[in-house]
Amino acid sequence: MYYLADTTIIIGYLRNKPKSIEYINKVLDGEITISISTITEAEVFCGLKKDLSSMLETLAVLSFCKKENVTSNIAREGGKLYRDYGHYMGKSNGEDNEEDKRPLLDAIIAATAKSKNLTLLTENYKHFKQLEKSGHIKCQEYKETA
C-alpha cells in the first residue's frame with residue numbers, strides 16, 4: 001500500500017506513540033510506502049526541538065519518506081478545497097486569523113494526496129472526512145491508543 005502521511009504520523013513517531021511507530025516500522029519492513037507533502041516537512045520542523053538529538057531523529061524518520069513537492073496546481077487545488085471545505089476542517093466562519101492557517105495546510109496536504117492519487121493516512125480523520133465523502137480524496141484513519 002502507498003500512502004501520503006499526514007503530519008500526525010511523523011509527530012506521533014517522534015513522540016513514541018505506538019500506532020505511529022507501527023506504521024513507520026511497516027515502512028522499514030517494506031510492507032508499505034509513505035510519502036509526505038513538503039507542507040508536512042515544514043510542520044514537523046516548526047515544532048522541532050533545537051537540540052542535535054531531536055534534529056537527527058527527525059531527519060532519520062523523514063529520510064524514509066518520499067517528499068511530494070507542492071506545485072502550483074496543488075497549491076491552487078488546496079486553495080479551492082480550503083475555500084469550499086475549510087469550515088469542516090476547523091476554519092472559523094469569521095475573518096481569517098492564526099487558527100485558520102492549519103486548515104489551509106491540511107487542505108494543501110489533501111490536495112497533494114488528490115494530485116498524486118494516494119490514500120491519506122491520518123489520525124485527524126475529522127479534518128478530512130468531508131473531502132473523502134465528497135470524493136476528493138481517499139483516507140485511512142488510524143487511532144493512537146490512550
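We did not get these values from a lab; they are worked out from the coordinates using the rules stated. What you are looking at is a predicted structure, and each value in this text was computed from that prediction instead of being measured. Don't worry about glycine lacking a Cβ; one is built from the backbone with ideal geometry, like all the others, and counts go over all protein chains shown.
Numbers for the structure displayed
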| quantity | calculated |
| --- | --- |
| 5 angstrom amide H check on Ile137, placed H, neighbours 5+ away | Glu132 |
| Segments 20-26, 2-8 sorted - mean Cβ within 10 Å per residue, highest first | 2-8, 20-26 |
| C-alpha long axis of helix 52-63 to longest principal axis of the chain, angle in ° | 70 |
| Environment charge of Asn25, counting only residues whose C-beta is closer than 13 Å and scoring Lys/Arg +1, Asp/Glu -1 | 0 |
| Relative contact order (percent, whole number), the range 3-77, Cα cutoff 8 Å, 6+ residue spacing | 36 |
| Rg in Å to one decimal, and Dmax rounded to a whole Å, for the chain via C-alpha atoms | 14.8, 46 |
| Where labels lie 7 Å past Cα in the beta-carbon direction, separation of Thr145 and Lys116 in nm | 3.0 |
| Candidates Leu131, Leu121, Leu14: whichever shows maximal mean-square fluctuation once the chain is modelled as a Gaussian network with Cα springs under 10 Å | Leu14 |
| Neighbour net charge for Ala113 - beta-carbon separation under 12 angstrom, K R +1, D E -1 | -2 |
| Residue order, fewest to most beta carbons within 10 Å, for Arg102, Arg15 | Arg15, Arg102 |
| Length-normalised contact order of the chain in % [C-alpha pairs under 8 Å, at least 6 apart] | 29 |
| Virtual spin-label span in nm between Cys46 and Asp29, 7 Å along Cα→Cβ | 3.3 |
| Footprinting exposure proxy for Ser134, Ser35, Ser72 (fewest neighbouring C-beta atoms within 10 Å first) | Ser72, Ser134, Ser35 |
| Residue exposure sequence - Lys50, Lys114 - by fewest surrounding Cβ within 10 Å | Lys50, Lys114 |
| Qualifying lysines (Cα of each under 23 Å from Cα of Lys126; at least 8 residues distant if same chain) | Lys17, Lys19, Lys80, Lys91, Lys101, Lys114, Lys116, Lys138, Lys143 |
